[in-house]
1. In Å³ and rounded to a whole number, note down the convex hull volume per residue for the Cα atoms of the stretch 14-66.
2. Taking neighbour Cβ counts within 10 Å as the exposure measure, how do Val141, Val184, Val59 sort from fewest upward?
3. Return the FRET efficiency for the residue pair Asp176, Phe146: r is the Cβ-Cβ distance, R0 is 22 Å, and the value is rounded to the nearest 0.05.
4. Around Ala52, with a cut-off of 13 angstrom between Cβ atoms, what is the net charge of the other residues, counting Lys and Arg +1 and Asp and Glu -1?
5. List the residues whose amide H sits under 5 Å from the amide H of Leu17, counting only those 5 or more places along or on another chain, with H placed 1.01 Å from N in the peptide plane.
6. Show me, for the stretch 135-151, the HN-Hα J-couplings you get by feeding each phi into the Karplus relation (A = 6.51, B = -1.76, C = 1.60, θ = phi - 60°), rounded to Hz, glycine and proline as x.
7. Would you mind ranking Asp162, Asp191, Asp152 so that the residue whose beta carbon has the fewest other beta carbons within 10 Å leads the list?
8. If each residue's Cβ is checked for other Cβ atoms within 10 Å, how do Phe25, Phe154 rank with the fewest at the top?
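Rule-based calculations on the coordinates, nothing more; no lab input. What you are looking at is a predicted structure, and each value in this text was computed from that prediction instead of being measured. In this analysis, Cβ positions are derived from the backbone assuming ideal geometry, glycine residues included, and neighbour counts consider all displayed protein chains.
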Amino acid sequence: MDHEETGCQAPPEGPILCLNNCGFFGSAATMNMCSKCHKDMMMKQEQAKLAASSIGSIVNGTSSSHGKEPVAANSVDPKTIFVNSTITFRSEYDSPSPFAFGSAQSAVAKPGPESFTFGSGQNGAPKPEGPKRCTTCNKRVGLTGFNCRCGDLFCALHRYSDKHDCPYDYRTAGRDAIAKANPVVKAEKLDKI
């Protein structure tokens, strides 16, 4: 029997790969793209619209005029627009970037190595220390090290408090935790029966 006679439709050809060839499957609802590629495309379109509208408002002077005469496009100097605008480069995941400047005016006003140094600790990020080592035996522990409550890092052999002569008083800390979790009920606050 034909599919047309029974009213059944032909089965789909199979899953459709994403148009960006990222390896995931797309759907017709997301224009044959996977959800991540579709979301990235929508974000790029929104950013392009925002950039176009903000540039248009700067050139036309609509955002700063508020009822004043609109500024003609020929009277605006492109250099003043660049100097007064803010330049920020963002990565794909919006992490702090060493390329982010406060404003273009400071970069133009102070041309020098201090305004264009990259990764010199301006973001306040500490520089990575050397390899992590056990405080007792100086063995490299890397990610398998154990942080003690005394504040030191230890290997698997010295991680226990009796193995490294830990100055942290676990008994007092335990007593304080129990006392805090279980407050004492005072007899004067209870009504006698």
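1. Taking the convex hull of the Cα positions in the stretch 14-66, it is 80 Å³ per residue.
2. If I rank by nearby Cβ atoms, fewest first, I get Val184, Val59, Val141.
3. 0.45
4. For residues surrounding Ala52, the net value is +1.
5. So Leu17 has HN proximity to Gly26.
6. Taking θ as phi minus 60°, the curve returns 5, 7, 9, 6, 7, 5, 10, x, 7, 8, x, 10, 8, 8, 5, 6, x Hz for the stretch 135-151.
7. Asp191, Asp162, Asp152
8. Phe25, Phe154
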